[in-house]
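Let me begin by presenting the structure, written as structure tokens, before commenting on it.
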């Protein structure tokens with residue numbers, strides 16, 4: 001299917017650019033690059049990573065992989081095109097102050113596109129033969145993507161008013177990131193997983209375990225968001241809601257443990273190299289849940305949300321360790337990456353090792369900041385890890401070309 005190949009190729013190309021922007025950011029920290037505005041580069045990297053890679057690839061897979069042949073409807077091709085164009089316009093306008101207004105207009109259009117996609121997808125997926133867990137997770141994922149726009153809009157308003165309210169700024173930012181990472185990205189991944197590993201009819205125990213996990217995970221998103229607000233003085237109501245969120249996260253964790261044996265049976269049929277990658281991806285998800293639930297403890301919350309490397313480590317754990325690594329295993333399992341090729345296997349190995357090194361360094365840097373033992377060499381180590389990540393993405397793109405899958 002030619003259109004599917006095009007969107008996958010564009011998604012992988014965008015991932016290469018995300019990695020390149022990451023290297024440029026880390027280069028700015030080490031070297032004197034006066035022609036780069038670091039803060040605007042950070043914004044550009046974040047916007048393009050979300051829209052150009054994560055959103056584009058997850059929505060592409062939801063359109064082409066979920067039941068209903070949604071890809072055959074021209075409106076989805078238009079919406080995918082709009083997401084791609086908006087992400088590239090942001091890439092070329094966001095780094096420059098003189099294009100600030102244009103960037104804001106593009107961002108607004110992008111938000112509208114996500115609203116439209118949520119509406120048409122929800123209507124169409126409900127008419128398909130997708131199982132109820134997949135419908136729940138996929139619709140919830142897109143709903144939280146829509147809700148995340150409230151944080152983006154609040155941030156835009158604060159910038160427009162030139163507000164110096166640091167609390168509102170951080171709450172809006174953390175709320176936006178939470179809805180994207182823990183809401184949209186996470187639920188979309190599990191919608192794709194459960195779409196492919198639904199047990200045979202008659203195994204009601206497995207079906208029930210999967211569905212309860214989907215319900216608990218979907219419902220936990222809003223109350224667990226309040227965990228990100230505990231870093232400053234808030235009302236007791238917020239503490240109660242965040243406690244509920246923490247309990248629901250742990251309940252989701254327990255529910256997943258019950259569902260895990262059924263998933264492991266499916267994973268055993270996967271090629272060993274891919275199996276290890278998917279296990280690493282799921283492990284990153286489980287670590288994410290445990291780390292989130294621990295932030296209910298005030299002392300831990302203050303240490304984490306006041307520690308930029310720790311926050312970055314957590315975000316990369318989800319974005320790279322869970323979501324991106326899952327997408328690569330999905331591509332491999334579905335034949336979008338030819339794992340029979342040694343070159344492809346080498347590319348995936350380099351990329352996976354780079355993710356592990358990057359995550360380890362970020363966590364060690366975060367712990368070093370907590371205990372005041374951080375090394376000044378960490379920026380150099382992270383720069384090297386960024387280069388390795390870029391090399392991994394380029395090798396994966398090269399593997400698509402080498403195996404003639406473009």
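If I filter the range 103-111 for residues that are at pLDDT below 95 and within 22 Å of residue 19 (Cβ to Cβ), do I get at least one hit?
yes
Before we move on, is residue 75 in contact (Cβ under 8 Å) with a residue 12 or more places away in the chain, surrounded by fewer than 14 Cβ atoms within 10 Å (Cβ to Cβ) and part of a helix (DSSP H, G or I)? Walk me through it before giving the result.
Values: in contact (Cβ under 8 Å) with a residue 12 or more places away in the chain: yes; surrounded by fewer than 14 Cβ atoms within 10 Å (Cβ to Cβ): yes; part of a helix (DSSP H, G or I): yes.
So residue 75 passes the test.
Output the qualifying pairs, or none if there are none: Cβ atoms under 6 angstrom, residues six or more apart or on different chains, first residue in the range 155-181 and within 16 Å of residue 301 (Cα to Cα), second residue modelled with pLDDT under 90 and part of a helix (DSSP H, G or I).
Every condition considered, the pairs that remain are 171/229; 174/228; 178/228.
Scan the range 23-51 for residues that are closer than 12 Å to residue 379 by Cα and touching a helix residue (DSSP H, G or I) at 6+ places or on another chain (Cβ under 8 Å) and jot them down.
First pass over the range 23-51, keeping only residues closer than 12 Å to residue 379 by Cα: 23, 25-31.
If the condition is that a residue be closer than 12 Å to residue 379 by Cα and touching a helix residue (DSSP H, G or I) at 6+ places or on another chain (Cβ under 8 Å), then 23, 25, 26, 27, 28, 29, 30 are the ones that fit.
List the number of the failed condition for residue 130; all other conditions in (1) modelled with pLDDT under 95; (2) over 19 Å from the mean Cα position of the chain (by Cα); (3) surrounded by 20 or more Cβ atoms within 10 Å (Cβ to Cβ); (4) part of a helix (DSSP H, G or I) hold.
Result: residue 130 passes all but (4).
Could you check the range 334-344 and list, in sequence order, the residues that are in contact with a helix residue (DSSP H, G or I) (Cβ under 9 Å, 6 or more places away or on another chain), in a helix (DSSP H, G or I) and surrounded by fewer than 18 Cβ atoms within 10 Å (Cβ to Cβ)? Spell out the reasoning first.
Initial filter on the range 334-344 (in contact with a helix residue (DSSP H, G or I) (Cβ under 9 Å, 6 or more places away or on another chain)): 334, 336-339, 341, 343-344.
Narrowing further to those that are in a helix (DSSP H, G or I): 343-344.
Within the range 334-344, just 343 meets the criteria.
Would you check if there is a residue in the range 290-307 being closer than 26 Å to residue 16 by Cβ, touching a residue at least 60 places away in the same chain (Cβ under 8 Å), within 20 Å of the chain's Cα centre (by Cα) and assigned to a helix (DSSP H, G or I)? Please lay out each step first, then the result.
In the first step, residues of the range 290-307 are kept if they are closer than 26 Å to residue 16 by Cβ; the result is none.
For the range 290-307, residues closer than 26 Å to residue 16 by Cβ, touching a residue at least 60 places away in the same chain (Cβ under 8 Å), within 20 Å of the chain's Cα centre (by Cα) and assigned to a helix (DSSP H, G or I): absent.
Quick one: would you say residue 68 is in a helix (DSSP H, G or I) and either in contact (Cβ under 8 Å) with a residue 60 or more places away in the chain or closer than 28 Å to residue 153 by Cβ (or both)?
Numbers: in a helix (DSSP H, G or I): no; either in contact (Cβ under 8 Å) with a residue 60 or more places away in the chain or closer than 28 Å to residue 153 by Cβ (or both): yes.
Against the criterion (in a helix (DSSP H, G or I) and either in contact (Cβ under 8 Å) with a residue 60 or more places away in the chain or closer than 28 Å to residue 153 by Cβ (or both)), residue 68 does not qualify.
Going by what's in this entry, would residue 254 be described as touching a residue at least 12 places away in the same chain (Cβ under 8 Å), outside any loop (DSSP other than H, G, I, E, B), surrounded by fewer than 18 Cβ atoms within 10 Å (Cβ to Cβ) and out of contact with any strand residue (DSSP E or B) (no Cβ under 7 Å at 6 or more places or on another chain)?
Details: touching a residue at least 12 places away in the same chain (Cβ under 8 Å): no; outside any loop (DSSP other than H, G, I, E, B): yes; surrounded by fewer than 18 Cβ atoms within 10 Å (Cβ to Cβ): yes; out of contact with any strand residue (DSSP E or B) (no Cβ under 7 Å at 6 or more places or on another chain): yes.
No: the conditions fail for residue 254.
Condition first: closer than 16 Å to residue 289 by Cβ and either buried (at least 17 other Cβ atoms within 10 Å of the Cβ) or free of Cβ contacts under 8 Å to residues at least 24 places away in the same chain (or both). Now tell me which residues in the range 257-270 satisfy that. Don't jump to the end; show me each part of the working.
Initially, the range 257-270 is screened for residues closer than 16 Å to residue 289 by Cβ, giving 257-260, 263.
Selection gives 257, 259, 260, 263.
Keeping to the range 216-243, report how many residues are more than 14 Å from residue 295 (Cβ to Cβ) and either surrounded by 15 or more Cβ atoms within 10 Å (Cβ to Cβ) or touching a helix residue (DSSP H, G or I) at 6+ places or on another chain (Cβ under 6 Å) (or both). Please lay out each step first, then the result.
Taking the range 216-243 as the starting set, the residues that turn out to be more than 14 Å from residue 295 (Cβ to Cβ) are 216-219, 221-222, 233, 235-237, 240.
Applying the additional criterion that residues be either surrounded by 15 or more Cβ atoms within 10 Å (Cβ to Cβ) or touching a helix residue (DSSP H, G or I) at 6+ places or on another chain (Cβ under 6 Å) (or both) yields 216-219, 221-222.
Of the residues in that region, 6 qualify.
Residues are listed down the side, and each one gets a yes or a no for (1) over 24 Å from residue 181 (Cα atoms); (2) at pLDDT 95 or above; (3) more than 20 Å from the chain's Cα centre (by Cα); (4) buried (at least 19 other Cβ atoms within 10 Å of the Cβ):
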residue	(1), (2), (3), (4)
30	yes, no, yes, no
40	no, no, yes, no
55	no, yes, no, yes
58	no, yes, no, yes
67	yes, no, yes, no
116	no, yes, yes, no
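The values are calculated or read from the model by the stated rules, or taken from the named source; none is laboratory data. No experiment lies behind these values; they were computed from the predicted model shown. With ideal geometry, Cβ positions are generated from the backbone for all residues, glycine too; neighbour counts draw on all protein chains shown.
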